[in-house]
Amino acid sequence: MVIYLDNNATTKVDEEVLEEMLPYLKDEYANPSSMYEFSVKSSNAIADARNKMKDFVGAKSEKEIIFTSCGSESANTAIRGAVAHNKSKKHIITTKVEHPCVMNTYKSLEKQGYRIDYIGVNSNGELDIEELKEKITEDTALVSVMWANNETGVIFPVKEIGEIIKSKNPNTLFFVDAVQAAGKIEMNVKDSNIDLLGVSGHKFHAPKGIGALYVKSSVILPPLITGGHQERGYRAGTENVPYIVGMGKAAELAIDGLKYESTEVKRLRDKLETGILKTTYNSRLNSSITNRVPNTTNIGFEYIEGELILLHLSDLGICASSGSACTSGSLEPSHVLRAMGTPFTSLHGSIRFSLSRYTTEKEIDYVLEKLPRVIDDIIRISPYQEELEHLRKARG
Ligand code: PLP
């Protein structure tokens, strides 16, 4: 039995997505660039998927969609392309809580002489918009923020940020990493002054290994991969037809499923969250209650180790994820939670549960039944007995 509550890491491929892909993995294997009749179905399928991706992100034209291999490639193409587009400008603004594919790209640009401002967040994970506004200058080549945070689910006010950027400097480009927003909330690049936006198929029930980048028609980027003329020269390499088709179908299903995300998925997430906070006295919510994607909750368990919780949950068939990443053998607390000023008492004991449209009430009930016992067992072996007792009396 697997109870999968790690949908921000990756998602199950939808059956309808798989069905749509299968012909292109079997009989329709033609190279879409070929001249014969046999390739027409493949090239039409790509055109159809591009159109669906256009609707998914709210672009004006399907010409503004480039297929990539993943969210990381979309972010790299966007960021490196944006600074090449604005090559006389040497200043970039981003946030302290970006995904490593964005963060590490900026670290490498810093080494090349770019000046980067990393904007902070408050204890709810919300962005300091005033700070961002103040930092925009004539020299700002790019502002880059994520739409929703992968660890906490906190949503940044992208529309407001887009307006601020363009009112302060219309030549500054705006890149949005929408990998965790896609399929969870409505996206509309047209309404938000977004120039570049990246998504990744495997976060919304398409397979791993396919992504997309929206590039506003007025923005000209140099290609990250040079070679043939595919993707209008932006991204050489024979198109991954079955995966492109799959992501197109997943995008179509995601648009239809947005209502379900904001009602039923949210209801189950809220049930899980309130249940845990009620039954475990050492727990606290690590994010804004309201400004969040509907599927994510990140809960800190004070004075105990997150890795231990995950191992116990795994024994029960429950998949979740910790806020910490293992860096060269030492357990580094999450940069997101640190940026939020999360107290050290729960920094190492934070767990992210992320649901999907496949999550059932029965699964949530099972987690709520099992988790308090798991936490109690780990509390019993914690070296912080006095502090825990203090907490229990205060909250319990
Ligand atoms: N951006 C965010 C916010 C993510 O959560 C992820 C993956 O977890 C990525 C980018 C990278 O996506 P991919 O795994 O497709 O490269």
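The values are calculated or read from the model by the stated rules, or taken from the named source; none is laboratory data. If you're wondering where the values come from, they're calculated on a predicted model, not measured in any experiment. Note that we place each Cβ from the backbone using ideal geometry, even for glycine, and neighbour counts take in every protein chain shown.
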**Prompt:** Any chance segment 116-124 includes a residue that's outside any strand (DSSP E or B), free of Cβ contacts under 8 Å to residues at least 60 places away in the same chain and over 26 Å from Phe344 (Cα atoms)?
**Reply:** no
**Fill in**
Of the residues in segment 103-124 that are touching a Lys or Arg at 6+ places or on another chain (Cβ under 9 Å) and within 19 Å of Ile164 (Cβ to Cβ), the one that is farthest from the ligand (Cβ to nearest atom) is Asp117
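Within segment 39-76, track down each residue that is polar (S, T, N, Q) and within 18 Å of the chain's Cα centre (by Cα). I'd like the intermediate steps shown before the answer.
Our first condition is that a residue be polar (S, T, N, Q); within segment 39-76, this holds for 39, 42-44, 51, 61, 68-69, 72, 74, 76.
Matches in segment 39-76: Thr68, Ser69, Ser72, Ser74, Asn76.
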**Request:** Answer yes or no as to whether Met21 is at pLDDT 95 or above, touching a Gly at 6+ places or on another chain (Cβ under 7 Å) and not in a strand (DSSP E or B).
**Result:** yes
**Residues being over 28 Å from Ala206 (Cα atoms) and of a type in the set (D, E, K, R) - total across segment 337-365** = 1
**Prompt:** When only residues in segment 40-62 that are hydroxyl-bearing (Ser, Thr, Tyr) and part of a helix (DSSP H, G or I) count, which is farthest from Ala30 (Cα to Cα)?
**Reply:** Ser43
**Candidate set: segment 185-208, residues that are surrounded by 24 or more Cβ atoms within 10 Å (Cβ to Cβ) and near the ligand (Cβ under 10 Å from one of its atoms); chosen: the one farthest from Ala148 (Cα to Cα)** = Gly201
**Asked** Just wondering, is there one or more residues in segment 6-15 that are assigned to a helix (DSSP H, G or I), away from the ligand (no atom under 16 Å from the Cβ), modelled with pLDDT of 95 or more and not small (Gly, Ala, Ser)?
**Response** yes
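So if I check each of Leu142, Leu127, Leu132, which one is in the same structural domain as Lys203 (by TED's automatic domain parsing), more than 11 Å from the ligand (Cβ to nearest atom), over 30 Å from Leu285 (Cα atoms) and over 14 Å from the mean Cα position of the chain (by Cα)?
Values: Leu127 fails: over 30 Å from Leu285 (Cα atoms); Leu132 fails: over 30 Å from Leu285 (Cα atoms).
None of the others qualify; the one that does is Leu142.
Go through segment 342-375 residue by residue and tally those that are among the acidic types (Asp, Glu) and in contact (Cβ under 8 Å) with a residue 12 or more places away in the chain. Steps first, please.
Of all residues in segment 342-375, those among the acidic types (Asp, Glu) come to 361, 363, 365, 369.
From what is left, the residues that are in contact (Cβ under 8 Å) with a residue 12 or more places away in the chain are 361, 363.
Qualifying residue count, segment 342-375: 2.
Tell me which residues, restricted to segment 145-157, are within 16 Å of the ligand (Cβ to nearest atom) and either assigned to a loop (DSSP other than H, G, I, E, B) or within 11 Å of Thr95 (Cα to Cα) (or both). Lay out the reasoning, then the answer.
Initially, segment 145-157 is screened for residues within 16 Å of the ligand (Cβ to nearest atom), giving 145-156.
Scanning segment 145-157 gives Val145, Met146, Trp147, Asn149, Asn150, Glu151, Thr152, Gly153, Phe156.
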**Prompt:** Any idea which of (1) within 16 Å of the ligand (Cβ to nearest atom); (2) aromatic (Phe, Trp, Tyr); (3) assigned to a helix (DSSP H, G or I) is the one Phe67 doesn't satisfy?
**Reply:** (3)
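Kindly indicate whether Glu264 is away from the ligand (no atom under 16 Å from the Cβ), part of a loop (DSSP other than H, G, I, E, B), modelled with pLDDT of 95 or more and farther than 30 Å from Glu163 by Cβ.
On the way: away from the ligand (no atom under 16 Å from the Cβ): yes; part of a loop (DSSP other than H, G, I, E, B): no; modelled with pLDDT of 95 or more: yes; farther than 30 Å from Glu163 by Cβ: yes.
No, not satisfied.
Please tell me if Tyr36 is within 16 Å of the ligand (Cβ to nearest atom) and free of Cβ contacts under 8 Å to residues at least 40 places away in the same chain.
Details: within 16 Å of the ligand (Cβ to nearest atom): no; free of Cβ contacts under 8 Å to residues at least 40 places away in the same chain: yes.
In short, no.
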**Prompt:** List, please: which pairs have Cβ atoms under 6 Å, are six or more places apart or on different chains, and start with a residue in segment 87-102 that is within 16 Å of the ligand (Cβ to nearest atom) and end with one that is assigned to a helix (DSSP H, G or I) and of a type outside the set (Lys, Arg)?
**Reply:** Thr94/Tyr106; Lys96/Ala339; Val97/Val336; Val97/Ala339; Cys101/Ser72; Cys101/Ala75; Val102/Ala75
**Prompt:** In segment 70-82, how many are within 8 Å of the ligand (Cβ to nearest atom) and either surrounded by fewer than 24 Cβ atoms within 10 Å (Cβ to Cβ) or of a type in the set (A, V, I, L, M, F, W, C) (or both)?
**Reply:** 4
